[in-house]
1. Does any residue of segment 191-207 turn out to be at pLDDT below 95, assigned to a loop (DSSP other than H, G, I, E, B), touching a helix residue (DSSP H, G or I) at 6+ places or on another chain (Cβ under 7 Å) and among the charged types (D, E, K, R)?
2. If the requirement is being open to solvent by less than 20 Å² (accessible area, probe 1.4 Å), closer than 30 Å to Y238 by Cα and not in a helix (DSSP H, G or I), which of these qualifies: G156, G136, G115?
3. Tell me, yes or no, whether segment 169-183 has at least one residue that is more than 26 Å from G273 (Cα to Cα), without any contact (Cβ under 8 Å) to a residue 40 or more places away in the chain and assigned to a strand (DSSP E or B).
4. Before we move on, is A296 under 15 Å from M163 (Cα atoms), touching a Phe, Trp or Tyr at 6+ places or on another chain (Cβ under 9 Å), open to solvent by less than 20 Å² (accessible area, probe 1.4 Å) and aliphatic (A, V, I, L, M)?
5. Any idea which of G337, G277 is modelled with pLDDT under 95, out of contact with any Cys (no Cβ under 6 Å at 6 or more places or on another chain) and more than 27 Å from P214 (Cα to Cα)?
6. In segment 219-232, which residues are open to solvent by less than 20 Å² (accessible area, probe 1.4 Å) and either among the charged types (D, E, K, R) or closer than 28 Å to P285 by Cβ (or both)?
Amino acid sequence: MTVSIGINGLGRIGRSVTRIVAAGGHRGISIAAINDLASTEKMAYGLRRDSIRGSFPGTVTARTDHLVVNDHAIRVFHHPRPERIPWADASVDVVIEATGRFRAGTTARTHITHGGARKVVISASADDPDAFLVYGANHHMYDPAEHDVVSPGSCGVNALTVMAKVLLDRFGLGSVNTSVMLAVQGWQKAQDSVMSTSREDPRLGRAAGESIIPHNYVAGDLVRVALPEIGEMRYSYYCVPTPIGSLAELAGQTDRPVSVEEVNRAMAEAAAGPLRGILAYDPDPTVSIDVKNNPASCLFDPSGTQTTASGGVKVRGWFDNEWGFSNRLLDLVRVVGESSLVASRRVSWSIA
């Protein structure tokens, strides 16, 4: 079965998803349509040239109402509101909502009720989706009869969750503290801006390359939505002036004292076994640029592991906040698309 997807928003995540699919990284998924306010010519240019990823490894051309990517024609729309996008006309099964603007479950649902898609995956920590599903942790909880709009949380949530899952499954885990250092985000500015900042915190409008900027609005506690057994947790996020490559650290209390060697062995075994492709393990000393283009949710760094005689543990992992997260989006799209053969609660659709 081929899952036909639509992408709303050809920004950093939308372009990463397109590159991954075009390279054959997720067979069984085909891009049928893309909606973006940019002209088709500018969309094609944005795919061909990328300051972080480099030139597109293939061909991208623009036609009047199509992008042609490696000889595959993708229908293009230019609608400002999700309820106006006629996904059904392009036979789209699952929409990836990647604008960053339509995070509310009610708004994202209009891709279904008005656009004719069957399911929606929001590429962000959403407001009131039908389910938060972190691939590799709780994606098996997906219910096609109940979950039409789902969210995988954020890139940082995914990185933290896979490390937390290994610790929880092997040693038990509680009293969790997490910290995430995010590489420069697409919405940040090169110069200070008091307009069009993310959320209401004026610090988020400060120049991206000049400061470490606290980001208090990232929903770090979504880790315990995916893994409720860990209980209450504390978290912090910071945007840092690096172009790509982010860092996640997690500390907590295990059920019994464990050694550094035990923890690192558990992570290596998970990376080679049940979490292969989701968790990666690199014994070399790593820095943020080393994770560029890594498709895993988290590249575990064993040099960062610390333990105490009382059962305290701290671990560290790197993640490419665009590339790894885009790969997990596509994993979740496959789960949602292939499991949604049963009839949706939606029985009709119409363009508003």
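1. Yes: segment 191-207 contains one or more residues that are at pLDDT below 95, assigned to a loop (DSSP other than H, G, I, E, B), touching a helix residue (DSSP H, G or I) at 6+ places or on another chain (Cβ under 7 Å) and among the charged types (D, E, K, R).
2. Only one candidate qualifies: G136.
3. Taking every residue of segment 169-183 in turn, none turns out to be more than 26 Å from G273 (Cα to Cα), without any contact (Cβ under 8 Å) to a residue 40 or more places away in the chain and assigned to a strand (DSSP E or B).
4. Answer is yes for this residue.
5. G337
6. G220, V223
Residue by residue, here is whether (1) in contact with a helix residue (DSSP H, G or I) (Cβ under 6 Å, 6 or more places away or on another chain); (2) more than 23 Å from V149 (Cβ to Cβ); (3) without any contact (Cβ under 8 Å) to a residue 60 or more places away in the chain holds:
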| residue | (1), (2), (3) |
| --- | --- |
| N35 | no, no, yes |
| R48 | no, yes, yes |
| R53 | no, yes, no |
| T59 | no, yes, yes |
| D65 | no, yes, yes |
| A108 | no, no, yes |
| G115 | yes, no, no |
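The values are calculated or read from the model by the stated rules, or taken from the named source; none is laboratory data. All values reported here derive from a predicted model rather than from experimental measurement. Note: ideal-geometry Cβ built from the backbone for every residue, glycine included; neighbour counts use all protein chains shown. When the accessible area is computed, the model is the full protein with side chains, heavy atoms only, and any ligands, DNA or RNA have been set aside. Shrake-Rupley method; radii C 1.70, N 1.55, O 1.52, S 1.80 Å.
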